[in-house]
1. Looking at segment 92-103 only, could you name the residues that are closer than 20 Å to Asp127 by Cα and touching a Lys or Arg at 6+ places or on another chain (Cβ under 9 Å)?
2. What do you reckon, is Thr217 within 13 Å of the ligand (Cβ to nearest atom) and either farther than 28 Å from Leu130 by Cβ or hydroxyl-bearing (Ser, Thr, Tyr) (or both)?
3. Quick check on segment 167-216: of everything there that is touching a strand residue (DSSP E or B) at 6+ places or on another chain (Cβ under 6 Å) and within 22 Å of Lys271 (Cα to Cα), which residue is modelled with the lowest pLDDT?
4. Name the pairs: first residue in segment 95-123 and more than 22 Å from Leu175 (Cα to Cα) and part of a loop (DSSP other than H, G, I, E, B), second residue modelled with pLDDT of 95 or more and within 16 Å of the ligand (Cβ to nearest atom), Cβ to Cβ under 7 Å, at least 6 apart or on different chains?
5. So which of Gln208, Gln174 is surrounded by fewer than 19 Cβ atoms within 10 Å (Cβ to Cβ) and within 16 Å of the ligand (Cβ to nearest atom)?
6. Just one of Ser101, Ser118 is within 16 Å of the ligand (Cβ to nearest atom) and of a type in the set (S, T, N, Q); which is it?
7. Test Ala272 against the criterion of being buried (at least 17 other Cβ atoms within 10 Å of the Cβ) and more than 13 Å from the ligand (Cβ to nearest atom), and give yes or no.
8. Applying the selection to segment 235-267, what residues are in contact with a helix residue (DSSP H, G or I) (Cβ under 7 Å, 6 or more places away or on another chain), in contact (Cβ under 8 Å) with a residue 40 or more places away in the chain and within 11 Å of the ligand (Cβ to nearest atom)?
Amino acid sequence: MGTTLFKIHKNSLTATSKFMKDIYLIANWKMNPATLKEAEQLSASISGGIKKIKPKKNINVVICPPYLYLKSVSHKSTQALQLGAQDCFWGKQGAYTGAVSAPMLKDIGCRYVILGHSERREYFGEDDALINKKVRAALLSGLRPVLAIGEKTRNTFDGRGRHTNELDTIIEEQLRGALKGISSAQAANLIIIYEPVWAISKGNPHHQTATSDDVLTAILFIRKVLANLYSKTLAKRIPVLYGGSTTSRNLRSFLDDGGADGALVGGASLKADEFIKMIKVCEA
Ligand code: PGA
């Protein structure tokens, strides 16, 4: 990318994160579980666990079930367990067969919507221009977009934890594309997820895992792009999370050493006990 408007160093980022800041643990259930009954049981177990932990106010736990389960699961949503969707369409209402709009999601109790997930890009042909329309629609309806970006292969790292220009280019293109025409006031409501596609578990036990250095490098770069698009202040304020094979065992390193303000959790969020452990890690 061109001239860097500011530098954020690892130490300053860590120092800032001690005093602040909201932490987000966002469960992306994807196309799971198989039945409504299981979805109700899962949300009830998570909600029960949260009642015992009573997380601090800065810990935001969000579950994003498939559309069909939103209504049932919404009964469990509270300030401590919030509701989000995994996608939305950009139109408000009308002749769009099969689509679900942002205002509908808001109406049913959602506060967040995941947009730009790599699985939407891969299996549903979504590109940055379409994602941009969805980000605008979400913001107009008062939903917080949880914008996922990330590269497909690990080759974009040079093997010593440093990103190459290729990684910079992909991240910058995805961010600029998705945020086209989004004002600073609107951008203040964003949440960004750095989610390298190569680190997503997809039920594959042999998937690769990102290191906290990988994550820190990418998150610092994301903040630089945000600073160039908006301002330094906003770039530090927008939560940037990590997603990709996070568990209760590795979450702490992504939060403490990776500079992440939380995580988008796939597979591990389908096991209530494990997800509750992750909430406890955020608490600690
Ligand atoms: P994972 O999925 O935690 O199972 O890797 C994360 C995601 O794709 O959101």
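The values are calculated or read from the model by the stated rules, or taken from the named source; none is laboratory data. Bear in mind that the values here come from a model prediction, so they are computed numbers and not experimental data. No Cβ is skipped: glycine too gets one built from the backbone with ideal geometry, and neighbour counts run over all protein chains shown.
1. Ser101, Ala102
2. Numbers: within 13 Å of the ligand (Cβ to nearest atom): no; either farther than 28 Å from Leu130 by Cβ or hydroxyl-bearing (Ser, Thr, Tyr) (or both): yes.
Answer is no for this residue.
3. Glu195
4. Cys110/Gly84; Cys110/Ala85
5. Gln208
6. Values: Ser101 fails: within 16 Å of the ligand (Cβ to nearest atom).
Every option except Ser118 fails the conditions.
7. yes
8. Across segment 235-267, the qualifying residues are Tyr242, Gly244, Ser245, Ala263, Val265.
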